[in-house]
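Worksheet for the structure shown next.
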Amino acid sequence: MRRAAVWARAYGAEGAWPFFDVTSYVAPEFRPPPELTAELAAELADFLGRLPNGEVRQTCSGAVRAAGLRERNPAAFSDLPDLYEPLVLFYERGGEFTRDNAGFLDLTGVRFRPGTLESHLGNPPVTLLGDTVLDALDADGQVVYCTAEARRGPLLRRRVLRGEQSDERFDRDLCWEPTELIPGTGAEAEGAALVRLEELEAAKLIGEILAEVTRP
(Lines give C-alpha, C1' and ligand atoms only; values in the text may rest on other atoms or scores of the structure.)
Protein backbone atom coordinates (compact mmCIF):
# COMPACT_ATOMS: atom_id res chain seq x y z
CA MET A 1 0.00 0.00 0.00
CA ARG A 2 2.82 2.41 0.86
CA ARG A 3 4.81 1.71 -2.30
CA ALA A 4 1.71 2.03 -4.44
CA ALA A 5 0.96 5.36 -2.77
CA VAL A 6 4.50 6.62 -3.50
CA TRP A 7 4.26 5.62 -7.17
CA ALA A 8 0.72 6.95 -7.56
CA ARG A 9 1.75 10.32 -6.16
CA ALA A 10 4.86 10.46 -8.34
CA TYR A 11 3.01 9.74 -11.59
CA GLY A 12 -0.46 11.19 -10.99
CA ALA A 13 -2.16 7.81 -10.57
CA GLU A 14 -3.96 8.64 -7.31
CA GLY A 15 -7.32 7.64 -8.79
CA ALA A 16 -6.05 4.16 -9.67
CA TRP A 17 -4.42 3.44 -6.27
CA PRO A 18 -3.68 0.90 -4.89
CA PHE A 19 -3.70 -1.81 -7.60
CA PHE A 20 -2.72 -0.53 -11.03
CA ASP A 21 -0.42 -0.95 -14.02
CA VAL A 22 2.16 1.75 -13.38
CA THR A 23 3.65 1.51 -16.88
CA SER A 24 0.53 3.14 -18.29
CA TYR A 25 1.45 6.25 -16.26
CA VAL A 26 5.25 6.15 -16.48
CA ALA A 27 5.40 5.57 -20.25
CA PRO A 28 1.94 5.37 -21.87
CA GLU A 29 3.55 4.73 -25.27
CA PHE A 30 5.53 1.69 -24.05
CA ARG A 31 5.14 -1.57 -25.95
CA PRO A 32 7.15 -4.79 -25.41
CA PRO A 33 9.87 -5.48 -27.99
CA PRO A 34 8.25 -6.80 -31.20
CA GLU A 35 10.27 -10.00 -31.21
CA LEU A 36 8.94 -10.92 -27.77
CA THR A 37 5.41 -9.63 -27.99
CA ALA A 38 3.71 -12.76 -29.34
CA GLU A 39 5.43 -15.18 -26.97
CA LEU A 40 5.04 -13.05 -23.86
CA ALA A 41 1.50 -12.08 -24.73
CA ALA A 42 0.49 -15.73 -25.12
CA GLU A 43 2.13 -16.81 -21.86
CA LEU A 44 0.74 -13.85 -19.97
CA ALA A 45 -2.76 -14.28 -21.38
CA ASP A 46 -2.77 -17.96 -20.44
CA PHE A 47 -1.61 -17.19 -16.89
CA LEU A 48 -3.96 -14.26 -16.36
CA GLY A 49 -6.87 -16.29 -17.69
CA ARG A 50 -6.50 -18.66 -14.73
CA LEU A 51 -6.77 -15.86 -12.16
CA PRO A 52 -10.28 -15.10 -10.85
CA ASN A 53 -9.44 -11.74 -9.27
CA GLY A 54 -9.32 -8.73 -11.61
CA GLU A 55 -7.00 -6.72 -9.34
CA VAL A 56 -4.58 -9.66 -9.11
CA ARG A 57 -4.63 -9.93 -12.90
CA GLN A 58 -3.96 -6.21 -13.22
CA THR A 59 -0.95 -6.22 -10.88
CA CYS A 60 0.54 -9.38 -12.43
CA SER A 61 0.25 -7.82 -15.87
CA GLY A 62 1.68 -4.58 -14.48
CA ALA A 63 4.68 -6.42 -13.00
CA VAL A 64 5.50 -7.99 -16.39
CA ARG A 65 5.14 -4.71 -18.26
CA ALA A 66 7.16 -2.80 -15.65
CA ALA A 67 9.98 -5.34 -15.94
CA GLY A 68 10.03 -4.83 -19.69
CA LEU A 69 10.10 -1.07 -19.33
CA ARG A 70 12.86 -1.29 -16.72
CA GLU A 71 15.06 -3.23 -19.16
CA ARG A 72 14.53 -0.61 -21.86
CA ASN A 73 14.69 2.47 -19.62
CA PRO A 74 16.27 1.80 -16.18
CA ALA A 75 16.29 5.53 -15.36
CA ALA A 76 12.50 5.56 -15.14
CA PHE A 77 12.68 3.44 -11.97
CA SER A 78 15.93 4.59 -10.40
CA ASP A 79 14.52 6.86 -7.68
CA LEU A 80 11.62 4.71 -6.43
CA PRO A 81 11.37 1.32 -4.72
CA ASP A 82 10.29 -1.65 -6.82
CA LEU A 83 6.51 -1.27 -6.86
CA TYR A 84 5.59 -4.89 -7.43
CA GLU A 85 8.26 -6.67 -5.36
CA PRO A 86 6.08 -7.09 -2.22
CA LEU A 87 3.06 -8.24 -4.23
CA VAL A 88 5.06 -10.71 -6.33
CA LEU A 89 6.56 -12.20 -3.14
CA PHE A 90 3.07 -12.31 -1.63
CA TYR A 91 1.74 -14.23 -4.65
CA GLU A 92 4.77 -16.53 -4.87
CA ARG A 93 4.35 -17.49 -1.22
CA GLY A 94 0.74 -18.52 -1.79
CA GLY A 95 -0.96 -15.27 -0.80
CA GLU A 96 -4.22 -14.11 -2.31
CA PHE A 97 -6.78 -11.42 -1.62
CA THR A 98 -10.27 -10.30 -2.52
CA ARG A 99 -12.11 -7.02 -2.00
CA ASP A 100 -15.62 -7.13 -0.57
CA ASN A 101 -18.53 -4.75 -1.12
CA ALA A 102 -17.79 -2.94 2.15
CA GLY A 103 -14.34 -1.88 0.94
CA PHE A 104 -12.37 -4.40 3.00
CA LEU A 105 -9.43 -6.36 1.65
CA ASP A 106 -9.62 -10.01 2.69
CA LEU A 107 -6.31 -11.88 2.82
CA THR A 108 -7.93 -15.33 3.11
CA GLY A 109 -9.33 -14.68 6.57
CA VAL A 110 -7.60 -11.46 7.67
CA ARG A 111 -9.73 -8.44 6.77
CA PHE A 112 -8.69 -4.79 6.88
CA ARG A 113 -9.63 -1.50 5.32
CA PRO A 114 -6.95 -0.22 2.94
CA GLY A 115 -7.31 3.33 4.27
CA THR A 116 -6.30 6.29 2.12
CA LEU A 117 -3.34 6.98 -0.09
CA GLU A 118 -2.27 9.85 2.17
CA SER A 119 -2.31 7.67 5.28
CA HIS A 120 0.10 5.18 3.71
CA LEU A 121 2.57 7.79 2.48
CA GLY A 122 3.67 8.33 6.09
CA ASN A 123 4.19 4.64 6.86
CA PRO A 124 7.78 3.42 7.36
CA PRO A 125 9.17 1.54 4.35
CA VAL A 126 9.42 -2.23 4.53
CA THR A 127 12.89 -3.16 3.31
CA LEU A 128 13.35 -6.64 4.81
CA LEU A 129 11.62 -8.87 2.30
CA GLY A 130 14.04 -11.81 2.05
CA ASP A 131 12.86 -15.40 2.44
CA THR A 132 14.61 -15.86 5.80
CA VAL A 133 12.78 -12.95 7.40
CA LEU A 134 9.44 -13.83 5.81
CA ASP A 135 9.78 -17.51 6.77
CA ALA A 136 10.44 -16.47 10.36
CA LEU A 137 7.33 -14.26 10.41
CA ASP A 138 5.09 -16.69 8.55
CA ALA A 139 3.25 -18.65 11.24
CA ASP A 140 -0.23 -20.01 11.79
CA GLY A 141 -2.26 -18.82 14.73
CA GLN A 142 -2.30 -15.63 16.78
CA VAL A 143 1.24 -14.34 17.39
CA VAL A 144 2.54 -11.76 19.86
CA TYR A 145 6.19 -10.67 19.72
CA CYS A 146 8.21 -9.24 22.58
CA THR A 147 11.78 -8.60 23.71
CA ALA A 148 13.68 -6.93 26.53
CA GLU A 149 12.93 -3.27 27.21
CA ALA A 150 16.34 -2.18 25.93
CA ARG A 151 15.72 -4.09 22.67
CA ARG A 152 18.92 -6.04 23.36
CA GLY A 153 17.43 -9.31 24.48
CA PRO A 154 16.34 -12.23 22.32
CA LEU A 155 13.30 -11.95 20.09
CA LEU A 156 10.44 -13.89 21.66
CA ARG A 157 6.98 -14.81 20.49
CA ARG A 158 3.88 -16.34 22.01
CA ARG A 159 1.77 -18.24 19.49
CA VAL A 160 -1.73 -19.55 20.09
CA LEU A 161 -3.14 -22.05 17.59
CA ARG A 162 -6.42 -23.88 18.14
CA GLY A 163 -6.24 -23.15 21.85
CA GLU A 164 -2.68 -24.44 22.26
CA GLN A 165 -0.05 -21.93 23.41
CA SER A 166 3.64 -22.15 22.57
CA ASP A 167 6.45 -19.77 23.60
CA GLU A 168 9.50 -19.53 21.37
CA ARG A 169 12.68 -17.55 20.86
CA PHE A 170 14.43 -16.78 17.58
CA ASP A 171 18.03 -17.98 17.84
CA ARG A 172 21.19 -17.62 15.80
CA ASP A 173 20.36 -20.79 13.88
CA LEU A 174 17.65 -18.62 12.30
CA CYS A 175 14.80 -20.71 13.61
CA TRP A 176 12.33 -20.65 16.48
CA GLU A 177 13.05 -22.79 19.54
CA PRO A 178 10.92 -23.42 22.66
CA THR A 179 11.59 -21.05 25.55
CA GLU A 180 10.46 -20.38 29.10
CA LEU A 181 11.47 -16.70 29.01
CA ILE A 182 7.91 -15.40 28.53
CA PRO A 183 5.90 -15.20 31.79
CA GLY A 184 2.40 -16.57 31.95
CA THR A 185 0.45 -13.31 32.25
CA GLY A 186 0.66 -9.73 31.04
CA ALA A 187 1.43 -8.45 34.55
CA GLU A 188 4.25 -10.95 34.91
CA ALA A 189 5.60 -9.90 31.52
CA GLU A 190 5.77 -6.29 32.72
CA GLY A 191 7.63 -7.47 35.79
CA ALA A 192 10.06 -9.34 33.56
CA ALA A 193 10.85 -6.09 31.71
CA LEU A 194 9.52 -7.32 28.38
CA VAL A 195 7.96 -5.04 25.80
CA ARG A 196 5.57 -5.98 23.04
CA LEU A 197 6.69 -5.49 19.44
CA GLU A 198 4.77 -4.80 16.28
CA GLU A 199 5.43 -7.19 13.41
CA LEU A 200 7.62 -4.68 11.54
CA GLU A 201 9.78 -4.25 14.66
CA ALA A 202 10.09 -8.04 14.93
CA ALA A 203 11.10 -8.17 11.26
CA LYS A 204 13.81 -5.60 11.93
CA LEU A 205 15.23 -7.67 14.80
CA ILE A 206 15.19 -10.80 12.65
CA GLY A 207 17.05 -8.87 9.96
CA GLU A 208 19.65 -7.73 12.49
CA ILE A 209 20.19 -11.28 13.69
CA LEU A 210 20.47 -12.47 10.09
CA ALA A 211 23.03 -9.76 9.33
CA GLU A 212 25.14 -10.76 12.33
CA VAL A 213 25.06 -14.44 11.46
CA THR A 214 25.93 -13.93 7.80
CA ARG A 215 28.51 -11.17 8.33
CA PRO A 216 31.91 -12.27 6.88
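The values are calculated or read from the model by the stated rules, or taken from the named source; none is laboratory data. Keep in mind it's a predicted model, so treat the numbers as computed, not measured. Note that each Cβ is placed from the backbone with ideal geometry, even for glycine, and that neighbours are counted across all protein chains shown. Accessible surface is based on the protein model in full, side chains and every heavy atom, while ligands, DNA and RNA are left aside. Shrake-Rupley method; radii C 1.70, N 1.55, O 1.52, S 1.80 Å.
Hey, could you get me the Stokes-Einstein D for the range 1-104, Kirkwood radius over alpha-carbon pairs, 37 °C and 0.692 mPa s, rounded to whole µm² s⁻¹? Before the final figure, lay out each step's value.
Working: Rh = 14.6 Å.
Approximately 225 µm²/s, per Stokes-Einstein.
When the chain is treated as a GNM, springs tying every alpha-carbon pair under 10 Å, which of Glu201, Glu164, Glu43 comes out with the largest mean-square fluctuation?
Comparing Glu201, Glu164, Glu43 in the GNM, the peak value goes to Glu164.
If you place +1 on the Cβ of every Lys and Arg, -1 on the Cβ of every Asp and Glu, and leave all else neutral, what size is the dipole of the range 1-115 about its Cα centre, to the nearest 20 Debye? Mind dumping the intermediate values first?
Working: 13 positive and 16 negative charges, 78 e Å.
It comes to approximately 380 debye.
Between Phe104 and Asn73, 0.36 nm times their residue separation minus their Cα-Cα distance comes to what? Intermediate values should be presented prior to the final figure.
Values: separation 31, 0.36 × 31 = 11.16 nm, distance 3.59 nm.
Going from the current span to full extension adds 7.6 nm.
Determine ³J(HN,Hα), in whole Hz, for all residues of the range 103-116 in sequence, where each value follows from phi through the Karplus function 6.51 cos²θ - 1.76 cosθ + 1.60 and θ = phi - 60°; x replaces Gly and Pro.
Once θ is set to phi - 60°, the couplings for the range 103-116 become x, 7, 9, 10, 9, 6, x, 9, 10, 8, 7, x, x, 10 Hz.
Would you grab the residues whose amide H sits under 5 Å from the one on Gly153? Only those 5+ places off in sequence or on another chain, please, with H modelled 1.01 Å from N.
The answer is Ala148.
Which number comes out as Rg/Rh for the chain once both Rg and the Kirkwood Rh are worked out on C-alpha atoms?
Rg divided by Rh gives 1.04.
Using amide H atoms built 1.01 Å from N in the peptide plane, name the residues 5+ places from Leu128, or on other chains, whose amide H lies under 5 Å from its own.
Amide H neighbours of Leu128, under 5 Å, 5+ apart: none.
Would you please give the FRET efficiency between Ala148 and Leu200, computed as 1/(1 + (r/R0)^6) with r the Cβ-Cβ distance and R0 = 25 Å, to the nearest 0.05? Let's see the in-between values first.
Numbers: r = 18 Å, r/R0 = 0.73.
That gives a FRET efficiency of 0.85.
Starting at the first residue of the range 82-91, write each ³J(HN,Hα) from the Karplus equation 6.51 cos²θ - 1.76 cosθ + 1.60 with θ = phi - 60°, in whole Hz, x for Gly and Pro.
For the range 82-91, the Karplus-derived couplings read 4, 4, 9, 3, x, 5, 4, 4, 4, 5 Hz, x marking Gly and Pro.
Choose one of Leu117, Pro154, Leu181: the residue whose Cα lies farthest towards the positive end of the charge dipole of the chain (beta-carbon charges +1 Lys, Arg; -1 Asp, Glu; about the Cα centre).
Leu117
Rolling a 1.4 angstrom probe over the protein chains, ignoring ligands and nucleic acids, what is the accessible area of Leu181 in square angstrom, nearest 10?
Solvent-accessible area, nearest 10 Å²: 90 Å².
At 222 nm, what helix-only mean residue ellipticity would the chain give, in deg cm²/dmol to the nearest 500, using -39500 (n - 2.57) for each DSSP H run of four or more?
Numbers: 9 runs with 90 residues, N = 216.
Mean residue ellipticity at 222 nm (helix-derived): -12000 deg cm²/dmol.
Placing +1 on the Cβ of each Lys and Arg and -1 on the Cβ of each Asp and Glu in the chain, which of Leu40, Gly130, Phe19 has its Cα farthest towards the positive end of the resulting dipole?
My answer, from the dipole projection, is Phe19.
Roughly how big is the chain's charge dipole about its Cα centre, with Cβ charges of +1 (Lys, Arg) and -1 (Asp, Glu), in debye to the nearest 20? Walk me through the numbers before you get to the answer.
Values: 24 positive and 36 negative charges, 98 e Å.
Charge dipole, the chain, about its Cα centre: 480 debye, nearest 20.
Answer with one residue from Val64, Gln142, Pro216: the one whose Cα lies farthest towards the positive end of the charge dipole of the chain, charges on Cβ with Lys, Arg +1 and Asp, Glu -1.
About the Cα centre, the residue reaching furthest to the positive side is Val64.
Express the relative contact order of the range 10-113 as a whole percentage, based on alpha carbon pairs under 8 Å and six or more residues apart in sequence. Can you show the working numbers first?
Numbers: 67 pairs, mean separation 22.2, N = 104.
The value is 21 percent.
Once you order the gyration tensor axes a ≥ b ≥ c over the Cα atoms, which shape class does the range 82-150 get: rounded for a/c under 1.5, otherwise prolate or oblate by comparing a/b with b/c? Mind dumping the intermediate values first?
On the way: a/c = 1.38, a/b = 1.31, b/c = 1.05.
Here the range 82-150 falls in the rounded category.
Within the P(r) computed for the range 41-158, what percentage of the Cα pairs occupies the region above 24 Å?
On the way: 3092 of 6903 pairs.
The share of Cα pairs beyond 24 Å in the range 41-158 comes to 45 percent.
For the range 210-216, just list the computed ³J(HN,Hα) in residue order, Karplus coefficients 6.51, -1.76 and 1.60, θ = phi - 60°, integers in Hz, with x standing in for Gly and Pro.
Rounded to whole hertz, the list is 4, 5, 5, 5, 8, 5, x.
Which value, in Å² and to the nearest 10, is the accessible area of Glu199 when all protein chains are kept and the probe is 1.4 Å?
100
Under 10 Å, Cα contacts only: if you run a Gaussian network model on the chain, which one of Arg162, Arg65, Arg57 comes out with the highest mean-square fluctuation?
Largest GNM mean-square fluctuation: Arg162.
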